[in-house]
Amino acid sequence: MIRVGIVGCGNIFTMHATSCVHLPMAKLVGVCDIKKDRADRAAKKYGVQAYYDYKELIDKEKIDAVHICVPHYLHPIISRYALERGVHVLCEKPMSIELADAEYNVRLAEEKGLKYGIIFQCRFNDTAKLVKENLENGKLGKVISARVVLTWCKPDSYYSLSDWKGTWEKEGGGVVIDQAIHSIDLANWFIADEPVSVQAHLSNRGHSIMEVDDTGEGFIRYKNGATLSFWAMNNYGCDEPIEIRLLCEKGKVVMSYDEAKITFDDGEVLSIEQTPDGIEYEGGKDYWGFQHIREIEDFYRAVEENGEPFISGKEALKIQKLICAIYESGKKKEGIIL
Ligand SMILES: NC(=O)c1ccc[n+]([C@@H]2O[C@H](COP(=O)([O-])OP(=O)(O)OC[C@H]3O[C@@H](n4cnc5c(N)ncnc54)[C@H](O)[C@@H]3O)[C@@H](O)[C@H]2O)c1
């Protein structure tokens, strides 16, 4: 049994805790939050020990793996603490705010022979898998152009009720690093080539209450000539499904997280809908999808079998580099050559 601890008992905690207790190879043994009431409530619900300091959870509970579900600026700090003490790490996206911190922990995990996984659960959607399969088996050919659109709704209260969202210091950005990171990651994964230049524009158009981007737009060029264009904003009136479109050498893709349609140039059409897995995630939000459990299971398997997690730190560095380049370009107001 893999002994698991979870640090951070806020919104996303439910996806991690519920997944952990449903998976036979793991046992949740402790939870931690600096907000005592949150840690106590979670501990009571799962019948485990509550901690208010992550160092104590890691040092006292003899855990094999820790899930990190805290504000962004703490991701590399807690990951490093755990890795230095021989504990496998599964961290929520993004790996860090600064690229160097993420790179440091990837090296540390390798040196220590530990598993370091980063949550990008959308890659486990059936929709994304179908598209990736048809790119990898050559039926679609290579991606020529990708387009990502995200129009979501984050009212002022989303920021005012949080002590870290909407700040450069603790969130590290806004709509791009927090929300659009998933769909930009999918498009980047589909293109599967090296980005060579990034031009991005970031602005805050509708949330004077906070300081980071609520709108991001950009254009990324890849070594093989492919391009990725994105537009993301949190000023819409509701959370519309994200849309990813791919123009490929032998067909086109239109997808959201829940549906995908592939139209090949020879007329063949493949489509798929994502169906929920039947597990109840108390307080879970539809737009997170229900794939955390698939990634968490994959991570635990890697721990058990000494394999590589599907989304390792090394793999997640690809999107981390891109996100950091988008912010660099947006802040400098100029294109970045990678
Ligand atoms: N994969 C997804 O789809 C998805 C969805 C939502 C959130 N997330 C990610 O999950 C992470 C947490 O987001 P959230 O929405 O749950 O935030 P949240 O604010 O609801 O929860 C974070 C929790 O961490 C606690 N915390 C802060 N500092 C701590 C410390 N030093 N030690 C222990 N606990 C501490 C806070 O008290 C809070 O309860 C973020 O990285 C976010 O981007 C991912």
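Computed from the coordinates by the stated procedures, all read-outs in this text should not be read as laboratory data. Please read these numbers as outputs of a predicted model, since none were measured by experiment. Here the Cβ is made from the backbone with ideal geometry for all residues, glycine too, and neighbour counts use every protein chain on show.
The table below gives the values:
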{"quantity": "First in region 273-289 and at positive phi, second anywhere and among the charged types (D, E, K, R), Cβ under 9 Å, 6 or more apart", "calculated": "G289/D258"}
{"quantity": "Residue count for region 40-89, restricted to those that are within 14 Å of the ligand (Cβ to nearest atom) and basic (K, R)", "calculated": "3"}
{"quantity": "Residues that are basic (K, R) and within 16 Å of the chain's Cα centre (by Cα), drawn from region 93-128", "calculated": "K93, R123"}
{"quantity": "Region 90-109, residues that are away from the ligand (no atom under 11 Å from the Cβ) and in contact (Cβ under 8 Å) with a residue 60 or more places away in the chain", "calculated": "L90, E98, L99, A102, E103, N105, V106, A109"}
{"quantity": "Among the candidates V31, V7, V21, residue that is more than 9 Å from the ligand (Cβ to nearest atom), among the hydrophobic types (A, V, I, L, M, F, W, C) and buried (at least 22 other Cβ atoms within 10 Å of the Cβ)", "calculated": "V31"}
